[in-house]
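Contents: one structure, followed by commentary.
The values are calculated or read from the model by the stated rules, or taken from the named source; none is laboratory data. What you see is a predicted model; the values in this text were computed from it and never measured. Cβ placement follows ideal geometry from the backbone for every residue including glycine, while neighbour counts extend to all protein chains displayed.
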């Protein structure tokens, strides 16, 4: 589905969708439990893949109007009756690879073409250290993956600079092992706030974890359980960044994004980024609302080592700002659904923006004006689609983005939200 955005302004109020990161973890944690209800989860293509994995491991998942009811496998996942197809969800693949290590038998995981290009080798090696047999069928660390368990726990060494999801996967599974898991990080941890999210959620489910001098640890023999049987998913700052971007660059009046409460989400840093660039922005933390309006922005330097999902948003902000915006520490952003550094550089150039990239940086030279109309490639990447769609509001001619349906990965109602703010969206 190609989507065309007409130039124009926006105003109004939208709700941030539920957090994808919390939703994945909560759904799988409910699977590790006996029974749990997840209130206001994100129901999207990616989170449906995690729900299906819970079913394949012996649980049941019922989607209701505002919640998901899960009957779990109580820390003992069964041998799946079929291959686990994780679709385009790297989060699903990595999180359930740890669960597969607990299975007394064989689990096979695969996904679409994009997912089969993403790295999982360090996580496979960690499971091998814990006593499982774990391999990539193509011997390249990429899916399809074949896992033979069970693991009993122990100590592992793993790099921290490829994906924090490896740590999350091991912590979540490790609570259900006999001996627990101690994780030594051999390189500095990137995307550290996502591990903080994991530990926060595990605590809600009654699971204890530890930050150690070398990395992290989780004691074994623990049970997942919610005190009242329910967990509510917070709003998602990664997704909120797109209506905030729209308000900052095209807000005729103010744009208000609701559902944005303080917490462990690293991507709440978008508020600070916008403030540093000179945006007229205010965050009522107690009410969970952020108000923003069109502002004269100035380029800055932003380190996305802990906030990789913000790179597309910041790149568009830099394209509008005066001066230069340099996005640093972003090599790991090349290993997402696509190489987002290269993708944003290529597509922004089509809009008439001067861009330079190196392995670890993306430098954007601000236009201080409008973009050129163009047809842009989506790379089947939800974050590329949403950021470029908002950029289309400032073009001098309509902007078309290919394969817009992939917003379903994290923000299924994105185009409806953009339209509700007054944007002209055709698809």
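Quick rundown of the values:
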item	result
Flag if residue 256 is assigned by TED's automatic domain parsing to the domain that holds residue 390 and over 22 Å from residue 35 (Cα atoms)	yes
Subset of the range 103-122 (residues that are crowded, with 24+ Cβ neighbours inside 10 Å and under 17 Å from residue 31 (Cα atoms))	107
Filter result for the condition that a residue is within 14 Å of residue 49 (Cα to Cα), at pLDDT 95 or above and part of a strand (DSSP E or B), over 68, 96	68
Qualifying positions in the range 247-271 - under 15 Å from residue 282 (Cα atoms), over 17 Å from the mean Cα position of the chain (by Cα) and not in a loop (DSSP other than H, G, I, E, B)	247, 248, 251, 253, 254, 255, 256, 257, 258, 271
One residue from 152, 64, 128 being without any contact (Cβ under 8 Å) to a residue 24 or more places away in the chain and within 13 Å of residue 170 (Cα to Cα)	128
Those residues of the range 318-327 which are in contact with a strand residue (DSSP E or B) (Cβ under 7 Å, 6 or more places away or on another chain) and crowded, with 24+ Cβ neighbours inside 10 Å, in sequence order	318, 319, 321, 325, 327
Some residue of the range 259-275 being modelled with pLDDT under 95 and more than 28 Å from residue 166 (Cα to Cα)	yes
Residue under evaluation residue 275, criteria (1) part of a helix (DSSP H, G or I); (2) touching a residue at least 40 places away in the same chain (Cβ under 8 Å); (3) more than 29 Å from residue 122 (Cα to Cα), criterion not met	(2)
Candidate set: the range 398-425, residues that are without any contact (Cβ under 8 Å) to a residue 60 or more places away in the chain and closer than 20 Å to residue 380 by Cα; chosen: the one surrounded by the fewest Cβ atoms within 10 Å (Cβ to Cβ)	416
In the range 170-210, the residues that are assigned to a loop (DSSP other than H, G, I, E, B) and surrounded by 15 or more Cβ atoms within 10 Å (Cβ to Cβ)	175, 176, 177, 179, 180, 189, 190, 191, 205, 206, 207, 209
Single condition residue 220 does not satisfy, out of (1) outside the structural domain of residue 26 (by TED's automatic domain parsing); (2) outside any helix (DSSP H, G or I)	(1)
One residue from 247, 251, 266, 288 being on the phi > 0 side of the Ramachandran plot and either touching a strand residue (DSSP E or B) at 6+ places or on another chain (Cβ under 8 Å) or surrounded by 23 or more Cβ atoms within 10 Å (Cβ to Cβ) (or both)	288
Filtered residue count, the range 24-55, keeping only those that are surrounded by 23 or more Cβ atoms within 10 Å (Cβ to Cβ), touching a strand residue (DSSP E or B) at 6+ places or on another chain (Cβ under 7 Å) and in a helix (DSSP H, G or I)	7
Hits in the range 1-18 - residues which are buried (at least 24 other Cβ atoms within 10 Å of the Cβ) and farther than 27 Å from residue 376 by Cβ	18
Output for the range 227-240, where each listed residue is part of a loop (DSSP other than H, G, I, E, B) and crowded, with 19+ Cβ neighbours inside 10 Å	233, 234, 236
Verdict on residue 416 being assigned by TED's automatic domain parsing to the domain that holds residue 314 and in a loop (DSSP other than H, G, I, E, B)	no
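One line per residue, one yes/no per condition, for (1) within 30 Å of residue 86 (Cβ to Cβ); (2) in contact with a strand residue (DSSP E or B) (Cβ under 6 Å, 6 or more places away or on another chain):
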residue	(1), (2)
389	yes, yes
394	no, yes
401	yes, yes
404	yes, yes
409	yes, no
418	yes, yes
